[in-house]
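Each remark here refers to the structure printed beneath this line.
The values are calculated or read from the model by the stated rules, or taken from the named source; none is laboratory data. None of the values given here were measured: they were computed from a predicted structure. Every residue, glycine as well, gets a Cβ built from its backbone with ideal geometry; the counts of neighbours run over all protein chains shown.
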Amino acid sequence: MQNEIRIQDIIHLKSIPKISDRKIISLVNHFGNTETIISAEPRTLIKEPDASLIRHTAFNRQLIEKQFSLLNKVDGRIISLWDDEYPVQLKNIYDPPVLLFVRGKLHINDNYSIAIVGTRHPSTYGKLSAENFAQELALRGITVVSGLARGIDTIVHKSTLQHRGRTVAVLGGSIDRIYPGENEKLVETIESKHNGAVISELMMSTPSHPAFFPRRNRIISGMSLGTLIIESDENGGAMITGSTAIDQNRELFCLPGNISEKKSYGTNKLIKNGQAKLVQTVDDIIDELQIPLQPVIQTKPRRAEPPQLNAFEQKIYDVLSGEPIHIDAISELSQLTTSDVLVNLLSLEFKGIVRQMAGKMFLRV
């Protein structure tokens, strides 16, 4: 059917007030092509109450040409619901977007994706967890989907790319209006060298707006087999993604958080109410989704042997944990001078098992 679907016709239909994507899908399924819809008499439009608007709305060629002109500027393209490239999981939700504007390239393996979302203001625990889960999924060949927002989303995209994985960013604005602006370079990396895709259902030149985020979130969960939430308040945007995942009958996973931290109230509540599965490692997700993930999942990567530590390094490492600790406290607890601690912390950083945070704080990786 895709050869009978004209993108310009669908753009025209989308530009008509009250003609929703669901109505467009219904019309295409009835007539079999878009050209007939544009020229059909109102009485033939299968009892659509607003169908007369179609017949009496002039075909706006200027609008359509403008859309393609803006699309060409960012080397983007449009795929429709009836194209083979359209994500299979997304096609099967209640209200799939009829068009996807795409920068980069969607891949067949993106049909076996996991979404990771979370707060825009993560704790150190949240940041490290997001990095780790994205890394582990990337190493197993699983595409990671998120929303390009500040915080967890950005960390997830960057960690996936760092470990040579594929990632898909779903926007709350058009693909030529990247928000936040500091992620423009990240978008360029995602769309280059087959690293993934940046997608939106919104017409070109549409600025990002909170009103679009719930619909953006239903695409994030809709194109994924499961969604993992890392830190979210009860009213956080990630909770909307969790809700859409549940409505779409997709698996929902949550990382448990500190019970006294407000940014963990939402995730802990979902676990407590039995709406989400508690996860501690990526293997918890893999075990739950092993059958649908089977076409793409790679064997768990072999880990390098832990590095050998000298006596000073071992003392310092034993003092550290997953929570940041100040260098003065490390010196006191390890009973080493500050200069000795600095030298050996640097060595531990080179070995990849310790990380320095802001304010001379250090933690285990």
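Some observations on this one:
- Candidate set: segment 67-115, residues that are of a type in the set (Asp, Glu) and surrounded by fewer than 19 Cβ atoms within 10 Å (Cβ to Cβ); chosen: the one farthest from Gly196 (Cα to Cα): Asp95
- Checking each residue in segment 3-54 for being in a loop (DSSP other than H, G, I, E, B), closer than 23 Å to Ser205 by Cα and modelled with pLDDT of 85 or more picks out Arg6, Ser15, Ile16, Ile19, Ser20.
One line per residue, one yes/no per condition, for (1) loosely packed, with under 15 Cβ neighbours inside 10 Å; (2) farther than 18 Å from Ala134 by Cβ; (3) in contact (Cβ under 8 Å) with a residue 24 or more places away in the chain:
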| position | (1), (2), (3) |
| --- | --- |
| Pro214 | yes, yes, yes |
| Thr227 | no, no, yes |
| Ala238 | no, no, yes |
| Thr241 | no, no, yes |
| Cys254 | no, no, yes |
| Gly266 | no, yes, yes |
| Lys269 | no, yes, yes |
| Asp287 | yes, yes, no |
| Ile291 | yes, yes, no |
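- The lone criterion from (1) in a loop (DSSP other than H, G, I, E, B); (2) at pLDDT 90 or above left unmet by Tyr317 is number (1).
- The set of residues in segment 116-148 that are aliphatic (A, V, I, L, M) and surrounded by fewer than 24 Cβ atoms within 10 Å (Cβ to Cβ) comprises Leu128, Ala138, Leu139.
- Breaking point among (1) over 17 Å from Thr206 (Cβ atoms); (2) at pLDDT 95 or above, for Leu70: (1)
- Index of the failed condition, Gly352 passing every other in (1) free of Cβ contacts under 8 Å to residues at least 40 places away in the same chain; (2) loosely packed, with under 13 Cβ neighbours inside 10 Å: (1)
- Count - residues of segment 135-172 that are in contact (Cβ under 8 Å) with a residue 40 or more places away in the chain, charged (D, E, K, R) and assigned to a helix (DSSP H, G or I): 1
- In segment 58-79, the residues that are closer than 22 Å to Ile37 by Cα, among the small types (Gly, Ala, Ser) and either part of a helix (DSSP H, G or I) or touching a helix residue (DSSP H, G or I) at 6+ places or on another chain (Cβ under 6 Å) (or both): none
- Helices (runs of 4 or more DSSP H) lying entirely in segment 173-283 (those with 2 or more residues that are more than 23 Å from Leu106 (Cα to Cα) and of a type outside the set (A, V, I, L, M)): 237-247, 265-272
- Where a residue in segment 305-321 is touching a residue at least 24 places away in the same chain (Cβ under 8 Å) and its partner, wherever it lies, is of a type in the set (D, E, K, R) and part of a loop (DSSP other than H, G, I, E, B), with Cβ under 6 Å and at least six apart: Pro307/Lys351
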